[in-house]
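The values are calculated or read from the model by the stated rules, or taken from the named source; none is laboratory data. It should be emphasised that the depicted structure is a prediction, and the values quoted were computed from it without experimental measurement. In this analysis, Cβ positions are derived from the backbone assuming ideal geometry, glycine residues included, and neighbour counts consider all displayed protein chains. We work out accessible area using only protein heavy atoms, side chains counted, and drop any ligands, DNA or RNA first. Shrake-Rupley method; radii C 1.70, N 1.55, O 1.52, S 1.80 Å.
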Amino acid sequence: RQTFRLAMSDYGSQVVLPALTRALRREAPGIQIWVVHLSREATLRALQEAEVDVALGVFADAPAPIRQQALFSETFACLADRSHMPPAGGLSLSEYLQRPHLLVGMPPDAGSEVDRALAALGHRRNVAISVPHWSTAADLVIGTDLVLTVSSRTLRPYRTRGDLAVFEPPFPVAAFDFSQAWHERHSADPAHEWLRHKIASVTQA
């Protein structure tokens, strides 16, 4: 019986939390999980100040007291309304740049991995709508000419839908490691070690 505080974004909640919840309810129903959504900087601060036990995300700039374990490598994919797509399926780079885009999770001028990849090629996309949460994103694509470019795992539920098309970006975008992070003070704690092992097992299954 223990309470764990986990920090994760909408992305982490979608790709990790369902399987983790099922595993915990099956194997350790006395455990309580509190999930918080913080910025990357606030998450690192919360780990150092013992306000969070484990964080899920991308922490390339984490300071030395923060330990990490890469859970999986993630790539990007695009989502669009099928009725607004060419018969062949995907979009060329010029077609992609001509379309309005939907951005999730950050201000339009913050510079995502996708925008940095385009900038390296000398291009810039037209972000028509920016929303803070993933939960509304797919619904905004339906029946519009918007293109959503996000982490590919979040689009798995839409790959079999007839009204939506999932396709590869028409330019290279670097993959990234999605990790769990914790403060080194918890490294040898048996309960924390058990939880980290469970997180790793459900994400790498």
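Heavy-atom accessible area for residue 121, with the other protein chains in place and a 1.4 Å probe, reaches approximately 90 Å². Near residue 21, once Lys and Arg are set to +1 and Asp and Glu to -1 for all other residues with Cβ below 13 Å from its Cβ, the sum equals +3. The DSSP beta bridges internal to the chain are antiparallel in roughly 60% of cases. Atom-type composition of the exposed protein surface of the chain places 52 percent of the accessible area on carbon and sulfur (1.4 angstrom probe). Rolling a 1.4 Å probe across the protein heavy atoms gives the range 89-205 an accessible surface of 50 Å² per residue.
Relative contact order for the chain: 33 percent, from Cα pairs under 8 Å spaced at least 6 residues apart, divided by residue count.
Within the chain, the longest run free of GluC sites (Glu not before Pro) that sit in a DSSP loop with at most 16 other Cβ atoms within 10 Å is 52-205. Across the range 57-178, Cα pairs under 8 Å and at least six residues apart give a relative contact order of 47 percent. For residue 182, the accessible surface of its heavy atoms amounts to roughly 30 Å² (probe 1.4 Å, protein chains only, rounded to the nearest 10).
Accessible surface ranking for 160, 43, 1.4 angstrom probe, highest first: 160, 43.
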